[in-house]
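Colleague: What follows is a structure written as structure tokens; I'll ask about it next.
None of the figures in this text is laboratory data; all of them are computed from the coordinates on show. This is a predicted model, so every value here is computed, not measured. Cβ: placed from backbone, ideal geometry, glycine included. Neighbour counts: every protein chain shown.
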Amino acid sequence: MNKRSLYALALTGALVPMAANAECGKISVAEMNWTSGGIITGVTEFLLEQGYGCDVTVIPSATTTAITSLAENNEPDIVPELWPNGAPSYYDLAEQGKLVKASDAFSKGGQEHWLVPAFLVEEHPELATIEGVLNNPELVGGRFHNCPDGWGCRIANDSLKQAYDLEGHGIEVFNHGSGETLQAALVTAAENREPYFGYYWGPTAPLGKYDMVSVDMGPIDREAYECNQDTECDEVGKTAFPAAPVFNVVTNDLADREPEAFELMQHVTFENDTMSGLLAWHSENSASIDEAVVHFLQNNQDTWLDWVSEDARANLQGMF
């Protein structure tokens with residue numbers, strides 16, 4: 001991320017990064033290689049530098065890269081939007097006292113859904129539940145849009161299609177070949193007001209742009225959920241998707257060394273709908289991540305001013 005362009009975008013060149021003060025030194029922050037991760041890093045960088053006077057270095061990263069670096073080098077100091085389900089060694093490092101969860105990156109965690117368009121539910125309220133969908137396959141186009149092969153959600157959905165007997169209820173399971181075609185199917189149906197039933201996750205741009213309803217799949221059954229994700233488990237079962245943990249993580253060293261920065265990270269949590277809307281804005285405007293960061297900062301001042309300390313708030317107020 002080019003932070004100089006971020007500041008230039010913020011106040012057309014009028015804003016100059018604060019020099020690090022004696023109370024906050026050097027801090028490294030990972031930038032995950034997807035849009036929401038980049039946005040959280042950009043916001044974090046801005047608040048640390050402009051609010052706390054920290055000297056921030058942004059390190060391009062990804063889930064496996066970040067965890068490996070933390071295990072071997074105890075850095076970066078801060079890793080926003082870490083999905084521990086994709087990095088199980090996170091829990092080992094946390095147990096060893098190397099890492100600590102500062103906050104949930106998203107207020108509702110990572111969400112997975114079976115979705116139908118809201119206009120369909122308005123016309124046919126029964127489609128808000130899985131029973132209603134199964135009993136009226138023609139109303140959703142008689143098709144379920146499934147994840148591509150190799151995705152974790154494909155394993156879970158293949159188990160759930162058996163548990164709910166989609167095909168026995170007249171619903172063809174269409175396995176998409178890529179994430180692009182999976183997204184295109186949702187977008188086309190939403191824009192053309194066509195029947196649709198399929199899987200998607202959030203926070204994501206399509207869920208920020210289009211009005212979709214998460215089908216009520218019944219209660220969460222943890223045992224069934226675990227089995228559904230295990231290709232060697234034969235006892236697949238009906239269950240809703242539990243929220244996936246998504247953390248903002250810091251090293252224990254950072255928490256001890258920079259307690260004010262740690263306190264900030266304990267408050268950095270994005271509402272799921274806010275992030276989905278921000279991702280939609282980013283996509284619709286062909287914006288850069290820096291521009292999305294500035295868009296968030298300009299339009300959500302009450303939110304992020306509540307994240308920071310009183311002294312940092314004094315530094316930041318009036319910038320936008």
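Colleague: Determine the dipole magnitude for the chain: charges of +1 sit on the beta-carbon of Lys and Arg, -1 on that of Asp and Glu, nothing else is charged, the reference point is the Cα centre, and the result goes in debye to the nearest 20.
Modeller: Working: 15 positive and 49 negative charges, 147 e Å.
I would put it at about 700 debye.
Colleague: So, one more: Test of understanding: what is the full-extension gain from LEU305 to SER286, defined as 0.36 nm times their sequence separation minus their Cα-Cα distance?
Modeller: On the way: separation 19, 0.36 × 19 = 6.84 nm, distance 2.73 nm.
Net length gain for the segment: 4.1 nm.
Colleague: To the nearest 10 degrees, how steeply does helix 35-46 sit against the main Cα axis of the chain, on a 0 to 90 scale?
Modeller: Taking Cα atoms only, the helix is inclined about 20 degrees.
Colleague: Moving to a separate point now. Tilt of helix 272-284 relative to the longest C-alpha principal axis of the chain, in degrees (0 to 90, nearest 10)?
Modeller: 90
Colleague: Of the candidates ASN74, ASN85, ASN272, which one comes out as most mobile in a Gaussian network treatment of the chain with C-alpha springs shorter than 10 Å?
Modeller: ASN85
Colleague: Residues with beta-carbon under 14 Å from that of ASP256, excluding ASP256: net charge, scoring Lys, Arg +1 and Asp, Glu -1?
Modeller: Summing Lys/Arg as +1 and Asp/Glu as -1 gives -3.
Colleague: Tell me the label-point distance for the pair PHE174, GLU122, using the 7 Å Cα-to-Cβ offset, in nm and rounded to one decimal.
Modeller: Taking the simple label geometry, PHE174 and GLU122 are separated by 2.4 nm.
Colleague: Contact order normalised by length for the chain, with contacts defined as Cα pairs under 8 Å and 6 or more residues apart; what percent is it?
Modeller: Once normalised by length, the contact order is 26 percent.
Colleague: Could you give the angle, 0 to 90 degrees to the nearest 10, between helix 179-192's Cα long axis and the longest principal axis of the Cα atoms of the chain?
Modeller: 70
Colleague: Note down the relative contact order for region 111-228 as a percent, whole number, built from C-alpha pairs under 8 angstrom at least six residues apart. Don't skip to the end; give the middle numbers.
Modeller: On the way: 171 pairs, mean separation 51.6, N = 118.
Taking the mean separation of contacting Cα pairs over the length of region 111-228, I get 44 percent.
Colleague: If you don't mind, there's one more thing I want to ask. Below 30 Å, Cα to Cα, which lysines can LYS98 reach? Residues fewer than 8 away in the same chain don't count.
Modeller: LYS3, LYS26, LYS108
Colleague: With a point put 7 Å past each Cα toward its Cβ, work out how far LYS26 is from ASP211 in nm, to one decimal.
Modeller: It is 5.2 nm.
Colleague: As an exercise, use a Förster radius of 22 Å and the Cβ-Cβ distance of GLN162 and GLN183 to find the FRET efficiency, rounded to the nearest 0.05.
Modeller: Numbers: r = 25 Å, r/R0 = 1.14.
Working from the Cβ atoms, E equals 0.30.
Colleague: Given the alpha-carbon gyration tensor of region 111-228, what are the semi-axes of its equivalent ellipsoid in whole angstrom, ordered largest first, with each equal to the square root of 5 times an eigenvalue? Mind dumping the intermediate values first?
Modeller: Details: eigenvalues 77, 60, 38 Å².
Working through the eigenvalues yields semi-axes of 20, 17, 14 Å.
Colleague: Going by average Cβ neighbours within 10 Å, how do the peptides 281-293, 218-230 rank, with the highest at the top?
Modeller: On the way: 281-293: 17.5, 218-230: 14.6.
Top to bottom by mean Cβ count within 10 Å: 281-293, 218-230.
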